[in-house]
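Nothing in this text is a laboratory measurement; each read-out follows from the coordinates by a stated rule. The model shown is predicted, which means the values in this text are computed figures rather than measured ones. No Cβ is skipped: glycine too gets one built from the backbone with ideal geometry, and neighbour counts run over all protein chains shown.
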Amino acid sequence: MASNNLVIIGNGIAGITTALEYRKLNPESKITVISGESQYFYSRTALMYIFMGHMEFENTIPYPPDFWKKQKIDLVFDWVEKVDTNSKILKLKNTDNIFYDKLVLATGSISNKFGWPGQDLDGVQGLYSLQDLELLEKNVLNAKKAIIVGGGLIGIELAEMLHSRGIHVTFLIRENLYWNSVLPDEESKLVVHAIKSEHFDLIRKTNLKEIVDNGNGRVSGIITEFDQKIECDFVGLTPGVSPNVSIAKDSNLPIKKGYLVNKYLETEITDIYACGDCAEIVKDDGTSKIWPLWYTGKMHGEVLAQTLSGNKTEFKMGVFFNSAKFLDLEYQTYGDVFRDRIGEKHHYWQSEDKNHSLRLVEKEGVLIGVNVMGIRYRHRVCEDWIKNKLTIKKVLTLLEDANFDPEFSKKFEPEIINKFRGAL
Amino acid sequence: MSLIQIGNVKAKKNKIPTLAKPFAVITFIGFLFLAVIFFQPLLKLKLINFGNWASLTLSLGLIVFGSLGWIYYNFANTIPGIKHNNIFFNSTMRRGLIGWSFGILITGFYIVLYFYEKFKAWGIPPLLDSLIQTVNPLSLLLSGQNADRWFLYGTFYTMAVLIMGVRMLLKYRHNRYQQIRTLSVMFFQLGFAFLIPAFLKAIKQPEFYFTYFWPLKPDYLFPWGVKNLTGKGSVGMFMICWGIVMTFIATPVLTYFFGKRWYCSWVCGCGGLAETLGDPFRQNSDKSEKAWILERWLIHSVLLAIIFITILLWTNDYFGRSILGGFTYTAKEWYGFYIGAIFSGVIGVGFYPILGSRVWCRFGCPMAAILGILQRSFSKFRITVNGDQCISCGNCSTYCEMGIDVRAYAQRGENIVRSSCVGCGVCAAVCPRGVLALENGPRKIGRFTGSNKNPLAIIKDSLLNREIYSESKKQYSEK
């Protein structure tokens, strides 16, 4: 048993999936999951719903507390301060040291802060963890006006959260349109439309210069790069996230941005692995990539459990997919949808009310990507189309198969097919 | 559970739209009138002359008008979409003081209603008489006969379904499944459970509810119920046939094609009230595994009880009531009181704000038990899970009125085929990632990932709690 003690740092989706999948393959092994953030695994994506009163913390826990006992997975509620890779010991903040045989780093992300003056004032914060949510409750107690810096998926969630408490929101974004680094212009415009419908303000093409102190260590406003001053009593910093590698410093773990791993999620130190947001996967050509997504965290866990159990398995993304919700606007994406790439043809449709859209991306005559907003599409169907390299013409004959909207919903496919056929 | 304390800081109250405010006052005045009418005989006062159209308009009329205006202006300026903000901070919806008070009020009403005769016998002043008098003009208009307490109950019930139905229509104006389903329960309540029975009375025909069948309405296949109708000519014969056809033919056929939802969330009056008046309380259903075990024991016990009682009654009837004498009558009375009145009424509806809106449907209703067995073993219905898109957020499980842990299936990409699911479709509506959809598909594909069990095996597993075990085991032993 001695060589069978698996310790996982981090109980987010990547760490927990590793633990559960590993348990399936190794019914007798000792598994320990350490987290200082939360005693039990909760759904990080549901943080916003707790704040908005859609759910309580208990509702965001996918498995009841006694489940972990039944699965014989030991939970340690503490922060890891240091990894001693030579003697395979973890130093914890409050409790006794833990020995490991194999170690998985699944420490997730931290919110980006770019060294802005005033970024550590009271009333200024990002949103990633339970502790951030606790802080937010305190920070917005008497807030009336908030500024959100950075327009991504967390930014729009934070805006919706603040809006639910009657706080006015102003976005400060670098681009001209919302999340335009990822979304093509048309979809970005739909998001802007949704933002305007809720009467949020949007300041475009503007960077933050500094955050202003009210004299008591609390935020009183911001100054933009154009020296425009905007008053506010809360600033949300959501310009993306970076791997949380805080324990690497004293532990000589190999890092660049994240923990460096190969395609099997192994670090160069034997018996140490990393997965999820914190892993930076170095490809064969020397470039590296971080996958800071819920879904990839889950996939990493599944793959890593195989490798840990002796069945060395490579992480392959397969047909990419992701989803989000911008206020009331649902978004799903499958395959490759990039802006302005040479050699690709985009077929785009949107409804007159700007609440629904579909984009099919064509390359060398076949479908390579799907973007859909305000309509639900079937994951497996879109995936099959892309995997099997269907032509757009063929996809149009099958388009209705992909629709996953509730029964009796208005079907947009006839209109879409009509439009796209005309352009073929 | 956790050391983390969040979501407990008092949320700021949502701003009440200006135009909605006067309607709140109007509704309040209506309730005030109703309260005065209710209390004045007890206090031996005579402030309002009730039993005429004026007092009916000033009480129930103002309540209908005011609440509809309130609901309308609360939704008028919102963007269509899921609006669940602050539900868990809300006193009414989350077992606060208002929620408890409301629960006690409805429970009190049911007790007064069901114990009406007993209260009279005990010499307690008949509490409902002034209210019954108040709705009398409506009863005279519809049926030409004086109102009784059941007419009063029907009036309140129908009002609740219609008013809160309008709320559902506005809340889900982005979702046509929800709208059509809500219109359906409103239609069946108003037409088949209120107007048609009154009309039948007016034309001196037996009072009959075409949307209730055995075993939910056991009388319709009890010997005395059938005999009562056989004496009523061709209309009575039609009603007997209707009841038999609905129970033994329509139920399995419709459930095969659509799942139990064709009845539970589209037609049934109990379901209709749960889906309208009960909607604000759906998140209070118990999601624990213990509740699931209790559910399966209780609901199947009630089903067995009513089957047993029905057989006994017919056997006894066949032998000219010679073999069992008074026992069958006692059994029927016992069922009618404890199951029909206390369970389905007092607990089923009275405890809406505390236990959620489907307590009777989930733990007690024998009709739901039959529909559930059919749904699980012999139906095309399932909730489909969309690939790997689940983010485990928990909205589906939280807002499931039947207490199904929808997420447990969704997060492992497994379709949901549960006997208790009434197909309300709210899990799919609240899902922020478009992961769930109600579907009628091929029976053998996509329903059970594993075996296609026969109905008896399913009931047996269900009662022996095997399913939970095998499912959780499956999750961690197979890939």
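Sparse packing (at most 16 other Cβ atoms within 10 Å of the Cβ) combined with a DSSP loop state is found for the following GluC sites (Glu not before Pro) in segment A:147-208: A:Glu175, A:Glu198. Treating each Cα of segment B:111-156 as one equal point scatterer and applying the Debye formula with no solvent, the log10 of I(q)/I(0) at q = 0.18, 0.24 Å⁻¹ comes out as -0.52, -0.80. Remark: the A:Arg218-A:Ser181 segment gains 10.1 nm on full extension, using 0.36 nm per residue and subtracting the alpha carbon distance.
Note on B:Lys287: aspartates and glutamates with a C-alpha under 12 Å away, same-chain residues under 8 apart excluded, are A:Glu58, B:Glu295, B:Glu401, B:Asp405. Summary value for chain B: 14 percent relative contact order, contacts being C-alpha pairs under 8 angstrom separated by 6+ residues.
Three principal axis extents describe the C-alpha atoms of segment A:330-424; from largest down they are 37, 26, 23 Å.
Can you give the calculated 222 nm mean residue ellipticity of chain B, where each DSSP H run of n ≥ 4 adds -39,500 (n - 2.57) and the sum is split over every residue, rounded to the nearest 500 deg cm²/dmol?
For chain B, the value works out to -15500 deg cm²/dmol.
Amide hydrogen proximity for A:Asp405: with H placed 1.01 Å from N in the peptide plane, the residues at 5 or more positions away or on another chain lying under 5 Å are A:Arg376.
Measuring between alpha carbons in the structure, the pairs from B:Lys15/B:Lys171; A:Lys30/A:Lys69; A:Lys325/A:Lys394; A:Lys205/A:Lys256; A:Lys256/A:Lys289 lying more than 19 angstrom apart are A:Lys325/A:Lys394; A:Lys205/A:Lys256. Structural descriptor for chain A: relative contact order 14 percent, calculated from alpha carbon pairs under 8 angstrom and at least 6 residues apart. Isolated cysteines in chain B, defined as those with no second cysteine Cβ under 4.7 Å, comprise B:Cys241, B:Cys264, B:Cys268, B:Cys270, B:Cys361, B:Cys365, B:Cys390, B:Cys393, B:Cys400, B:Cys421, B:Cys424, B:Cys431.
Just so you know, the Rg over Rh for chain B is 0.97, from Cα atoms, with Rh as the Kirkwood radius. Two tests apply to each whole DSSP H helix in chain A, Cα reach of 20 Å or more along its axis and mean Kyte-Doolittle hydropathy of at least -1.0, and the ones passing both are A:294-308. Convex hull of alpha carbon positions in chain A: directionally averaged projected area 23.0 nm².
Reported to the nearest whole Å, the Cα centre-to-centre distance from segment B:221-293 to segment B:400-426 is 21. Among A:Lys70, A:Lys389, A:Lys145, which one moves the most in a GNM of chain A with springs linking Cα atoms closer than 10 Å? Taking springs between Cα atoms under 10 Å, the residue moving most is A:Lys70.
List the chymotrypsin sites (Phe, Trp or Tyr not before Pro) within segment A:321-423 that fall in a DSSP loop (any state other than H, G, I, E or B) and whose Cβ has at most 12 other Cβ atoms within 10 Å.
Here the sparse-neighbourhood loop sites are A:Phe338.
Ellipsoid fit via the Cα gyration tensor, the protein assembly as shown: semi-axes of 53, 33, 28 Å, each the root of five times an eigenvalue, largest first.
Using a Cα-Cα cut-off of under 18 Å, which lysines could be cross-linked to A:Lys93, ignoring same-chain neighbours fewer than 8 residues away? Reachable lysines: A:Lys82, A:Lys249.
Of all aspartates and glutamates in the structure, those lying under 17 Å Cα to Cα from A:Lys411, and not within fewer than 8 positions of it along the same chain, are A:Glu330, A:Glu352, A:Asp353, A:Glu400, A:Asp401, B:Glu439.
If a/c stays under 1.5 just call it rounded; otherwise compare a/b with b/c (prolate if a/b is bigger, oblate if not). Do that for segment A:376-422, with a ≥ b ≥ c from the square roots of the Cα gyration tensor eigenvalues. Here segment A:376-422 falls in the oblate category. Computed from backbone phi, the HN-Hα couplings of segment B:280-287 come to x, 10, 4, 6, 8, 5, 7, 9 Hz, rounded to whole numbers (Karplus: 6.51 cos²θ - 1.76 cosθ + 1.60, θ = phi - 60°; Gly and Pro given as x). Once backbone amide H atoms are built at 1.01 Å from N, A:Asn176 has A:Lys205 as its partners under 5 Å, excluding neighbours fewer than 5 places away on the same chain. Across segment B:105-227 the C-alpha pair distances fall into 10 Å bins from zero in the proportions 12, 31, 37, 17, 3, 0 percent.
Calculated on the alpha-carbon coordinates, the convex hull of segment A:111-220 measures out at 101 cubic angstrom per residue. A crude spin-label estimate for the pair B:Ile293 and A:Phe99, with each label 7 Å from Cα along the Cβ direction, gives 3.8 nm. Proximity of backbone amide H atoms, modeled 1.01 Å from N, is registered between A:Asn5 and A:Asp101, A:Lys102 at under 5 Å, excluding neighbours fewer than 5 places apart on the same chain.
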